[in-house]
Every structure is written in C-alpha cells, then in structure tokens.
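Remarks on the structure that follows.
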Amino acid sequence: MKSIISDLHLKFAEKTWKETFQLVRRCMDRPKDASRPCVPLLRSLERLQEVVNVSSLNTMRSRLEMIAKQQGMGFHITEATCYLTADMFYLEVVLLLCGEVEEVKVAPHGGSPVPSESFLWLLRLKQFTEFAMKLADLFTQYNIPGDNDQKLKLFASLQFLGKDLEQISLLPCVPIDSAQGDMINNGRVGCLIAGKADCPLSIQFYSTPTDGMKTSDLQEEMTDREMVVQAAMVTVDVSDVPHKLQTASVIQQPPQLDPQGYPVLLPLSEMLPACFHLKLQPAIPMMCSFVDKLRQITGVVIPDVDLQWAALPKLLMSSSPSAKIHMETLDEQDAIFTAPLPGSVMHSYILPGAAWEVPAQRGAVVDSIPFTHPAHVPALLELLRHQCVINTLLRSCMTSQCTGTGSECDQHFEVRPESDISFSVTFQGPHTDSLVVLLVHVSDSHQITCTLFGAEIGDPSMVENLSTIMKKSMSIPLALRTLYLKLEEITPAPISASPEATTEAENDQSASTTTAATDTNGALTTFSQNAALPEDDFSLSGSACYANSDKSELLPEINTSPAVSPYPFAPGGGVFTLDDP
C-alpha cells in the first residue's frame, strides 16, 4: 500500500490543479452506484473549488454546479448559459467566454425571467459564499412540499399574503416616539421587504437603537456595540392539521379601517393542509409565558418537541458567543460577568441561578412561528419586539470582558427576575452600607419604567431620565453608571476622623483589650468603643459581606430573599467586615 501511495505521489507531483480537478470530475462522472454519490470525492471537489481561482468559463461553470448541488437544485448547461433549477423557480446565468458573468435572471413558476442585480454583482465580485446564502433563502421560500397542484395553490396563497402585508404596511401609522419613529421598530409589519423574483418575502421588525444619546461617553460605548437587526422570512409549509388560508386578497377595496387604524379583513376561504410561518433570523429565546401568547394570537400550537426549555440567561448565553467566553460560574449555577465602561469603570454582574431556574422564568429558543391570517402578523411582531427588548437589556450585562477571578470591579450588581416582564438590580449605595434596588419594568417594546428603592432622590425627574437613558441605550450598565454617579453627588461622604482622634481611639482600644485580658474572674470583657457590628446587620456569603437594608418599603412584587453576594472577588478570601482594612 505504501508503494502504491508513493507511486501516486510521484505520478501526480508535477500535475497542475486543473488536471487534478479534471481527474476528480471524471471519477465522479462514473460512480459505481449513481444513487449513492461518493462523499469523499464530493468533499474533495468542494475543497478544490474553494482554492481554484475562478478565471475561466469552465471553472465558473464548475463552481455554479457545486453550489446548485449543495442546495439540492438541478444544474443544466446550454452553450454559455447555466441553469440552476428547482420545482417552483430557476436561475439563469449567462457567461462570457472569459468566465465573467454577463447577466443573471430569476424566473418563478409560470413567470418570465426577471434580471437580478443582486445575484449579478455577487457573482461578478466572486462572493460565492454570499451568493449561496442568498440562493438558499430563495430556495427555502419556493421549496413547497406536495404535488404540483398543491404547490401551486400554496405558492399563490403566499403571494396573496405578501400583497396584503404590503398594503397594511402602507397604511398611515402614528409614530409612538418621534425620536425612534423608524419602520423597523414601529411599523405595523416592520420594514417589509416585498417578495420579488430574486428576493424572498421577509420582515425586519426589531433593531437595537444606537442614536438619540447626548452624552459623548454613551455615544462612544453604543457605537462600539454591534448593531443587531432581527428579521423573519415569511414562508408556507405543509402541516398535519388543515387550516383555512387565503386564496385571494382579504383586504376590501378600498380598504376600510377599524378604530385602531387596521384594515377590516375578510374571512378566509379554503381549507389547505398547510400554514404560514415566520422563520426567525436569528432564532429568539422566549419566556414560556410569551410562547403561550404566541399560541393565543394564532390559535396554532407550537409543538413542544421543537422546544428545549431552560433558564432564560442560559438561553441568552448560548446564543451569544462573547457571553460564553466572558462568563464565570459560582456553585455551577450563578453566572458572573464584568462590564467595562468608558472612563476605565468596571462593573460586575451576577445572575443567581436559583432565582432564574424557577419554572416561571424558563424559556425556549423559538425559530419558527406558524400562523394562518395576515391579521396575526402585527400582533406577533409586537410580541416578538417585547421579548427582544427584554433580551437586549439582559444581554447588555453579558457581552463583556471577564478579567479572571482576581479582578477588582468598581461596583457590583445582582440581577434577579421579578416577573416575566420585570427584573431588579440590587447594589450597595455610594458612601453607605445600605442597599439600593432598581426595579426595571418592561411594559411593552416601547415602554420601560424604572423605580428606585432604598435611596433618597429629591428630584423625581431623575428616575424618569434614567428610564429614558435605558430606553435609548438599551444598556443596563450605561444606565446604572449614570445612576451611581448621581447617587454619589447627592449622598454625603462619611466624615473622616482627625489623626489625633484616630490615635486616641487606638490607645483606648489597646487599653480596653489589656483590661479584658487581665480580668481576675477569667471572663472576657471588651470595653472598646470600636467593637464589631452585630452579625445580623450583614448577609455573609463566601468571601464577602453584603450589607442588608430595610426592604419594608419595597413593592410586594420584589423578591426580598437574601441576595447572593455580588462580591465574589474580595481580596484575601474569607469573611471580612467593613472595619477590615
């Protein structure tokens, strides 16, 4: 065997890539079993395609053929034209003799070929990965199971749905917030990308806001954060249970609007073994209560077998690569993150596992939502936006740099759930031993309300301003940094003792200790005025102390159980009190 391999190496050592490429293709053209393609040969061909420079007619044909087969499409050649074919559409690529692309057309079933500038420029720029991804999205939309009659009915139903959604998107809509009155976050059906021959029907419905801030530091921090646009592709697929779907437009002409400004829709007409789907890109971690609301809106059940239930922070961490890297665990349950802020400020955030693991706080990653009527879409999008706002706020504590167990942070915070739409952030106030609790209530995708407990703020507009900052920045660390700086301004710093008074106190303590040690009764008595505070004044955990404050003023919904220590990185280890140096 070694001799055979050596002979092969010698035989093909002087061969060019082109000759090797042709050899692999000849082997693939004569498989022993046509129904079972040779996987190693296919992989070899794909690897060869990736390294070979596409500079001729043959190499461009070979690359297009490989992309078509990867998508499960057919491939045909007539002179200088390549056809990538599927049941409901085909792609026509006209090539020049030098291998350059002259024209690309897309033809839906029963329709005439339409020029596609997007496909054309991707091929001209040799961006084959992006070309394959765009083709895959188009193939997903047109890939409708069933016989020919069923495919044609479902495809027509999907086209009517797209036209109705486009009419709904053009209806006048009062902006909820003029500063953020963009179509993506506030439109009835988001930013609708109407289905064209070369573009599937899709909706952009949520994006993280990055404008409207006046503070330069906050602008710098928000600029560094990656802009995220949440989208959904609208498709149709078969289902086990028949549903009524539209076979014509359900919007009256001219449109008649209800008191909320939505068009009055006609009832659906025909039962079909299918339903529409919102294919979320990317998938969204959703609370169990939100999943139930999806079912209430559409009346279509999302199978539980498709959902993997877990605590919401775990789902958010699993879908955020940076969070998985920059996360530490305590007791294999609690998640700790550090968040760097402008001005060399470092925050530490702990999400207690015991608080987030309760059944009411569990969720699942949802990637597809079935529905049957265009009236469902606005309500579904608003619910998805609501969940995206909650996820974005919680993720702002997670996408950070972890500097190790020996790191020192300026402030420490604990994030606990209070309901499915609210959570609390607890921290130690500046210049005091008492706790401050910030309750964040997300009423919907446009309303975030902050309530402060444990701190005396004379100006009520401060809390309102804090809600505005959190809504515009969608960042808990940025909002808490602003709050902490304000609390430092209004909270008086403790008066430090003079050197003479300190020396006198130390002498008194030394004398009292001597008196206690020489007590003739053998009983230990301490007369020091600097005795340690009672243990009941602190909640001790691990290597740190957490000063307790009177939480009787908190709202009933706030969880007042002892907090997990937000100081896991206390220097020196062991338990210490505030009297320790």
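The values are calculated or read from the model by the stated rules, or taken from the named source; none is laboratory data. All of these numbers come straight from a predicted model, not from anything done at the bench. Methodologically, a virtual Cβ is constructed for each residue, glycine included, from the backbone with ideal geometry; neighbour enumeration extends over all protein chains shown. Each accessible area value is taken on the protein alone, full model and side chains, heavy atoms only, with ligands, DNA and RNA left out. Shrake-Rupley method; radii C 1.70, N 1.55, O 1.52, S 1.80 Å.
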(message) So, in region 76-89, exactly how many residues are under 19 Å from residue 122 (Cα atoms), out of contact with any His (no Cβ under 8 Å at 6 or more places or on another chain) and part of a strand (DSSP E or B)?
(response) 2
(request) Please give the number of the condition residue 293 fails out of (1) in a strand (DSSP E or B); (2) open to solvent by 60 Å² or more (accessible area, probe 1.4 Å); (3) at pLDDT 90 or above. (result) (1)
(request) Restricting attention to region 413-448, report how many residues are within 19 Å of residue 347 (Cα to Cα), assigned to a strand (DSSP E or B) and over 20 Å from the mean Cα position of the chain (by Cα). (result) 12
(message) Based on this model, can you work out whether residue 305 counts as under 30 Å from residue 158 (Cβ atoms) and at pLDDT below 80?
(response) yes
(request) Among the residues of region 246-290, write down those that are within 18 Å of residue 156 (Cα to Cα) and part of a strand (DSSP E or B). (result) 251, 270, 271, 272, 273, 274, 275, 276, 277, 278
(request) Only residues that are open to solvent by less than 30 Å² (accessible area, probe 1.4 Å), farther than 30 Å from residue 256 by Cα and either in contact with a helix residue (DSSP H, G or I) (Cβ under 7 Å, 6 or more places away or on another chain) or of a type outside the set (A, V, I, L, M) (or both): list them for region 136-172, please. (result) 141, 142, 144, 151
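Any idea which residue in region 251-310 is nearest to residue 422 (Cα to Cα), counting only those that are hydroxyl-bearing (Ser, Thr, Tyr) and in contact (Cβ under 8 Å) with a residue 60 or more places away in the chain?
Looking at the filtered set, the residue picked out is 289.
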(message) So for region 449-461 (the condition being at pLDDT below 85, surrounded by 11 or more Cβ atoms within 10 Å (Cβ to Cβ) and part of a helix (DSSP H, G or I)), does at least one residue qualify?
(response) no
(message) Would you confirm, using the coordinates I've provided, whether residue 400 is within 18 Å of residue 208 (Cβ to Cβ) and modelled with pLDDT under 90?
(response) yes
(request) Please find, among 73, 133, 66, the residue that is within 33 Å of the chain's Cα centre (by Cα), open to solvent by 30 Å² or more (accessible area, probe 1.4 Å) and not assigned by the TED database to the domain that holds residue 19. (result) 133
